[in-house]
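Enquirer: Can you read through this structure? Questions will come right after.
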Amino acid sequence: MSLLHLKGRVLVKSGGFSTQLAKHVGDKIDGDPLWGSRFDKENPEAVMQTHLDFLEVGADIIVTNTYQSSVEGFTKHLNLTKDESIDLMRESVKLAVQAKNKYLERLKDCNRHKEPGLPLIMGSIGPYGAMLHDGSEYTGSYTEKLTKQQIQQWHRTRIEAVLSGGVDGLAVETIPCQMEAEAVTEMLLKDYPDVKFWVSFQCKDEVRLAHGENFANAAKSVWELIRKANAIDRLYGVGVNCVNPKFVSTLFQSLHKLLINEQIPPLIVYSNRGEIYDALKGGWTGHDKCVPLASYVPEWVQLKAKIIGGCCRVYPEDILAIRKCIDNIDNNN
């Protein structure tokens, strides 16, 4: 679907899916080897309702509950066959579609409407490390043992399952290293010529990806692959997610500086609330030190962010505040 009428608009993405899902399932999701993906099978109604929660506060984009979905994970932890695992990934997309349809029906009943083409459903394509469930999605260490071709082959199964479910594009997200981002981007450009997507990195500080590469260099590398393929119209954005919001502006400024005389890609950010995850305790700390996520939004918009949302610990009320902030910026321009 063409979204040319939205060019120049800042779109609002949903928040932390598993963060909100935990409220519906009454269960702790952090630390589960399948994270929220388990509930596509065990509580699909809760998954659908979680999508709906974010749509009802004004999200323009929701992301499927497939971040930690994989054939390996489903066969090991849900005792599914390969075919059943692939079917469950498709079902996850259908749950997002159901939520979208229900939301649009409610708008119609209230004599309200959404912009044509919205909301978008993006298929979540998390990193290889998420399947390993060993913390390596936040280090990228696995790429030192795998070839680019192996990474591509692993991603292909889920990409094809999610695409067959019917999404508007792919959210290649929480990528900890440059090699994996390049591998998936190259595969999408070559083998899936009609698919729109974004690429979003996980960064450990204001300069570096989780694996240690320079963010600006990695983002530029992905952007150059897309430009060389004449595929700019397929890109929703390049950016960061699952990061501390305090890092974002400096990260974006570094990319602006690197591309000072060149075209800047559309930028995307959906950060965490700002708390720190304590793996030993299995919980989040530092809540009292966090400022409202929406307070960062004006600066991110100034830095050319075109999609803004939330990741871990970001609830519907936070997305509502971001929605109001962006609407206020739009109204004043």
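Enquirer: Between TYR236 and residues 5 or more places away or on another chain, which pairs have amide H atoms under 5 Å apart, with H built 1.01 Å from N, and which residues are they?
Expert: PHE197, TRP198
Enquirer: Oh, and also: Using amide H atoms built in the peptide plane, which far-off residues or other-chain residues are under 5 Å from ARG208 H to H?
Expert: PHE215
Enquirer: In whole angstrom, note down how far apart the Cα centers of segment 36-101 and segment 126-171 are.
Expert: 16 Å
Enquirer: Ranking request for peptides 49-62, 24-37: highest mean number of other beta-carbon atoms within 10 Å first, then the rest in descending order. Working shown, then result.
Expert: Numbers: 49-62: 23.7, 24-37: 17.5.
Result, highest mean first: 49-62, 24-37.
Enquirer: Considering the dipole of the chain built from charges on the beta carbon (Lys and Arg +1, Asp and Glu -1) around the Cα centre, which of GLY309, VAL297, LEU188 is farthest to its positive end?
Expert: VAL297
Enquirer: A further question on this structure: For the chain, what is the charge dipole size about the Cα centre, in debye to the nearest 20, if Lys and Arg each add +1 at the Cβ and Asp and Glu each add -1 at the Cβ? Intermediate results must be reported in sequence, preceding the final value.
Expert: Details: 39 positive and 42 negative charges, 122 e Å.
I would put it at about 580 debye.
Enquirer: Among the aspartates and glutamates, which have Cα under 17 Å from the Cα of LYS41 when same-chain residues fewer than 8 positions away are ignored?
Expert: List returned: ASP27, ASP32, GLU72, ASP83, GLU84, ASP87, GLU91.
Enquirer: I've got another one for you. Along the positive direction of the dipole of the chain (beta-carbon charges: Lys, Arg +1; Asp, Glu -1; about the Cα centre), which of SER18, ILE322, TYR138 reaches farthest?
Expert: Checking the options against the dipole of the chain, the answer is ILE322.
Enquirer: So for the chain, what percent of the C-alpha to C-alpha distances run longer than 28 Å?
Expert: Tail fraction, whole percent: 35.
Enquirer: A further question follows. Pairs of Cα atoms under 8 Å, at least six residues apart: use those to get the relative contact order of segment 3-331, whole percent.
Expert: Working: 609 pairs, mean separation 66.0, N = 329.
Result for segment 3-331 is 20 percent.
Enquirer: Now for a different question. Which listed residue (TRP154, GLY237, THR50) has the Cα farthest towards the positive end of the charge dipole for the chain, taking +1 on Lys and Arg C-beta and -1 on Asp and Glu C-beta about the Cα centre?
Expert: GLY237
Each reported figure results from applying straightforward, stated rules to the coordinates on display, with no laboratory input. Note that the structure is a prediction, hence the values are computed from the model and not measured. Note: ideal-geometry Cβ built from the backbone for every residue, glycine included; neighbour counts use all protein chains shown.
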